[in-house]
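The values are calculated or read from the model by the stated rules, or taken from the named source; none is laboratory data. Being a predicted model, the structure only gives us computed values, none of them experimental. Note: ideal-geometry Cβ built from the backbone for every residue, glycine included; neighbour counts use all protein chains shown.
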């Protein structure tokens with residue numbers, strides 16, 4: 001009889017970056033499902049709430065789910081340069097999206113709704129750039 005262990009699901013790749021990517025992926029998957037059922041969290045990110053409607057929320061949720069899947073795979077295959085690059089690109093796109101909504105389109109404000117996405121994207125982009133040689137050059 002085999003036993004199931006949550007610990008067995010944690011990426012085996014050394015370092016904290018794979019675990020971080022898995023954590024962010026799982027949180028983002030939950031956020032994606034939330035966008036299909038409730039607009040409240042999405043309205044906390046975007047201050048121009050009249051533009052937050054069920055369609056825009058579901059579109060955002062789908063985009064987040066796609067990014068989550070990319071990041072999930074990266075947690076387990078971080079030494080693959082193509083997966084590393086596409087994961088880094090997903091964070092750059094997220095940073096661009098949230099920054100442009102704040103600075104260009106003015107649909108969000110620099111407050112608690114925007115802090116999370118900006119901190120996570122900036123931290124992860126920096127971390128991935130700094131750690132490139134550690135994870136990819138060892139192949």
Sort out which residues of the stretch 36-56 are in a helix (DSSP H, G or I) and either in contact with a strand residue (DSSP E or B) (Cβ under 9 Å, 6 or more places away or on another chain) or under 14 Å from residue 107 (Cα atoms) (or both), and write them in order of number.
42, 43, 44, 45, 49, 50, 51, 56
For the stretch 117-138, enumerate the residues that are touching a residue at least 24 places away in the same chain (Cβ under 8 Å) and more than 19 Å from residue 32 (Cα to Cα).
122, 124, 125, 127, 128, 129, 131, 132, 134, 135, 136, 138
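Looking at residue 69, is it closer than 19 Å to residue 25 by Cα and either over 12 Å from the mean Cα position of the chain (by Cα) or modelled with pLDDT of 95 or more (or both)?
Working: closer than 19 Å to residue 25 by Cα: yes; either over 12 Å from the mean Cα position of the chain (by Cα) or modelled with pLDDT of 95 or more (or both): yes.
It is true that residue 69 is closer than 19 Å to residue 25 by Cα and either over 12 Å from the mean Cα position of the chain (by Cα) or modelled with pLDDT of 95 or more (or both).
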(1) out of contact with any helix residue (DSSP H, G or I) (no Cβ under 6 Å at 6 or more places or on another chain); (2) buried (at least 16 other Cβ atoms within 10 Å of the Cβ): which one isn't true of residue 95, the others all being true?
(1)
Cβ-Cβ under 9 Å pairs, at least 6 apart or on other chains, the stretch 101-116 side farther than 17 Å from residue 56 by Cβ, far side modelled with pLDDT of 90 or more and surrounded by 11 or more Cβ atoms within 10 Å (Cβ to Cβ):
109/102; 110/102; 110/118
List every residue pair whose Cβ atoms lie under 8 Å apart, where the two residues are 6 or more positions apart in sequence or sit on different chains, the first residue falls within the stretch 8-27 and is at negative phi and at pLDDT below 95, and the second residue, located anywhere, is surrounded by fewer than 18 Cβ atoms within 10 Å (Cβ to Cβ) and not in a helix (DSSP H, G or I).
13/79
Pairing a residue in the stretch 72-100 that is at positive phi and without any contact (Cβ under 8 Å) to a residue 12 or more places away in the chain with any residue that is assigned to a helix (DSSP H, G or I) and surrounded by 20 or more Cβ atoms within 10 Å (Cβ to Cβ), where Cβ atoms lie under 7 Å and the two sit 6 or more apart in sequence or on different chains, gives none
